[in-house]
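First up is the structure itself, then whatever we jot down about it.
The values are calculated or read from the model by the stated rules, or taken from the named source; none is laboratory data. From a predicted model like this one, the values you see are computed outputs, not experimental measurements. Note: ideal-geometry Cβ built from the backbone for every residue, glycine included; neighbour counts use all protein chains shown.
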Amino acid sequence: MTSLPFSASLPGGAIDVAVVGAGIAGLFAASRLIDAGATCVVLESRDRIGGRLLSHDSGAGRFDLGASWFWPGERRVAALIDELGVPIHTQHVAGDAMYHTADGAQRLAGNPIDVPAGRFSDGAFSLADRLGARLGDAVRLQTPVHEIDYQDDDDYQDHVVHISHAHGSLMARHVILALPPSLAVHHITFRPALPEQLHALAIATPVWMGNIAKVVLVYREAFWRHGGLAGAAISHLGPLREIHDMSGPGGVPAALFGFAPLSPGRGAPTKDEVIAQLVNIFGRAAAAPIEVIIKDWRADSHTAPPGTGADTSMSTYGHPWYQKPAGDGRLHWASTETAPTSPGHIEGAIASAERAVEAITTAGSAPRLTARPPQGDQ
C-alpha cells in the first residue's frame, strides 16, 4: 500500500480517519491506515478492545465467549494469523456425535456436525490483542461516540467530519463505522440524518451473535473423548441447541461449549439448566464442571441495541448499500454484518475493513489530511 498525497488546507488538530469501534474490523482498518501513513484514532465505548473477540481467562485456561473459529479457505484471517504469529490448532472432530430430542439422546456414528475449523490456542482475543499492541495510544477506550456531523463546512476548503464523543470532539476526513449497523444508528446521531432507506436497512440488519448466549463448561478432563465421543451434539430441547468441544490442543484444558438462542422475554439459561442438559446428553460425568461461564450477548449494550429480537436472518448482510461510503464518501461501514464475503465470521469483519481502507486510500476526490498529531480535547 503506497502512502497517500498530503493536503495542506485543513483545520488544526484534524486527522485523516476516526474509527468507531475497536473490534477486529476497527483494529485491522486502523493498523492498515497507519501503515499507509494516515493519522488515525480508534474510539471504543468499552473498557477493552476486541469487540466480539472475547476470551475469558479462567484458572484452567482461556476460553472464547465470542468468535471461536476460522474456516478452511478464509485467506484474510489466515494471513493475519501468520503476520501476527498467533498460535492455532485444529478443532477436535474425532469421535461420534450426539443427537438430543424428547425421546432422549442417541449416538450418531461419526461426526456430521463439526468440520476441521481452525482454533486460536490462546483465544480469539489474541488477534485483537496483538493488533492493539501495534496501535498503542491511537486506541481510546471508554470513549463512546454520540454524534457524527458530516455537513459541509464552508469555512474550510477541505471538508471534515465532526465527531462528538464522551470526552470531547475531533475532526477527521473520514469515519469508519466499525460496529454493527443497528448499533451505530441506535447510539449515534448523524447530522444530517442518514438517507431514510439506509437508516431503515441498518435497523433491520440483525447483530451477529446479538440474540445468543454462549456457554462454556470447563472440566478436569475431556471425559467424552474417553468414550469415543467428539463432544459435538445437536439438541431439539435446549437450552443449548448445538454443542462442541472447546478443549485446547491435546484436550487440555478440557471444555465443552454451546449456543443458546434467546427468544423475547426469556433470559440466558442458568448454570443448573445447562448442566442438566449435558448430563442428559453425555452422562453423569458431565455433572461436575469446575467452571461454567455464560455470556449473554443480547444483554451486552456495546454489541446489541435494546430490543434485539429473535431475528437471525442474514438476508441484509453484505447489502450493496454497505459496500459504498455514505455521507458524500466520508462514512464507511466495516463490520462482519456488512461483508458480502463470510458474513458473521472473523474473515467477514476483516474483509469489510479492507473495503473501507481501500475506499479511503483510493478516494481521488477527497485528498487525505496532512499528517499531524491530534490536538485539543481529543
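Looking only at region 42-63, count how many residues are surrounded by 24 or more Cβ atoms within 10 Å (Cβ to Cβ) and either in a strand (DSSP E or B) or out of contact with any strand residue (DSSP E or B) (no Cβ under 9 Å at 6 or more places or on another chain) (or both). Count: 4. Restricting GLY123, GLY73, GLY66 to those that are small (Gly, Ala, Ser), part of a loop (DSSP other than H, G, I, E, B) and surrounded by fewer than 12 Cβ atoms within 10 Å (Cβ to Cβ) reduces the list to GLY73. Within region 10-41, being among the hydrophobic types (A, V, I, L, M, F, W, C) and in a loop (DSSP other than H, G, I, E, B) holds for LEU10, ALA14, ALA22, ALA36, ALA38. For MET98, the conditions (1) buried (at least 19 other Cβ atoms within 10 Å of the Cβ); (2) of a type in the set (A, V, I, L, M); (3) farther than 18 Å from ALA255 by Cα; (4) not assigned by TED's automatic domain parsing to the domain that holds LEU194 all hold with the exception of (3). Here SER247 meets the list (1) in a loop (DSSP other than H, G, I, E, B); (2) in the same structural domain as PRO180 (by TED's automatic domain parsing); (3) buried (at least 22 other Cβ atoms within 10 Å of the Cβ) almost entirely, failing just condition (2). Among the residues of region 76-120, those identified as closer than 13 Å to ILE234 by Cα and either in contact with a Cys (Cβ under 8 Å, 6 or more places away or on another chain) or aliphatic (A, V, I, L, M) (or both) are ALA97, MET98, ALA102, ALA105, LEU108, ILE113.
Being of a type in the set (A, V, I, L, M, F, W, C), crowded, with 23+ Cβ neighbours inside 10 Å and in contact with a Pro (Cβ under 6 Å, 6 or more places away or on another chain), is that true of even one residue in region 222-230? No.
Do we have ALA286 as at pLDDT 95 or above, in the same structural domain as GLY258 (by TED's automatic domain parsing) and buried (at least 20 other Cβ atoms within 10 Å of the Cβ) here?
Values: at pLDDT 95 or above: yes; in the same structural domain as GLY258 (by TED's automatic domain parsing): yes; buried (at least 20 other Cβ atoms within 10 Å of the Cβ): yes.
So ALA286 passes the test.
Tell me whether region 145-166 contains one or more residues that are assigned to a helix (DSSP H, G or I) and touching a residue at least 24 places away in the same chain (Cβ under 8 Å).
Here is the first cut: in region 145-166, the ones assigned to a helix (DSSP H, G or I) are none.
For region 145-166, residues assigned to a helix (DSSP H, G or I) and touching a residue at least 24 places away in the same chain (Cβ under 8 Å): absent.
Go through the residues of region 210-227 one by one and say whether even a single one is over 25 Å from the mean Cα position of the chain (by Cα) and among the small types (Gly, Ala, Ser). Taking every residue of region 210-227 in turn, at least one turns out to be over 25 Å from the mean Cα position of the chain (by Cα) and among the small types (Gly, Ala, Ser).
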